[in-house]
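One structure below.
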Amino acid sequence: MSEERRNPGQGAGAGPCHIVKRSEWARAVARGTYAPASLRAEGFIHCSTVAQLVDTANRFYRGYHGLLVLCIDESRLKAELKYEAAGVTPALSIKAARRWRARPLPRLNSAPPSPGELFPHLYGELNVDAVARVVELPCEADGSFRLPAAMAGVTPAPQG
């Protein structure tokens, strides 16, 4: 798996993001740390860049309500963050998502990641003080997601 310590395609202030259920985040805040099932099962927490966020939401969370986007400040992280190519097969992703939501998944609703696209993976628990912002991720009437208006000014720099 190829890796980089920092994503060269991210603009200033556009750190990694993580989609989480509101109830899970409330429990994490009370504990001071967030450790989802993916950390135990796969060894890392799946994150997205701002540019990947909407595709990720539509691919794995279509039709779900009560979701939040955690906007993470890389400089505050206690665990190691790596930008890596997507190495999880769709079957593993579906299996993990089913465990996470405990109900059947709809079909995947967007194209798979581009070859060579790098995703942020956090190799350890997320310390809650590394979360710079928490933004509501409203579900549209058709079940899809758009970039929340509160994140509209947070755009990544062009890749390349």
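The values are calculated or read from the model by the stated rules, or taken from the named source; none is laboratory data. Only a predicted model underlies this, so the values are computations on that prediction, with no experimental measurement involved. Reconstructed Cβ throughout: ideal geometry from the backbone, glycine too, with neighbour counts over all protein chains shown.
The table that follows gives values for the structure above.
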item	result
Qualifying residue in segment 27-35 (condition: surrounded by fewer than 18 Cβ atoms within 10 Å (Cβ to Cβ), assigned to a loop (DSSP other than H, G, I, E, B) and on the phi > 0 side of the Ramachandran plot)	yes
Some residue of segment 88-111 being assigned to a helix (DSSP H, G or I), modelled with pLDDT of 95 or more, hydrophobic (A, V, I, L, M, F, W, C) and under 22 Å from E136 (Cβ atoms)	no
Positions within segment 112-146 being under 15 Å from D55 (Cβ atoms), among the aliphatic types (A, V, I, L, M) and at pLDDT 95 or above, in sequence order	L137
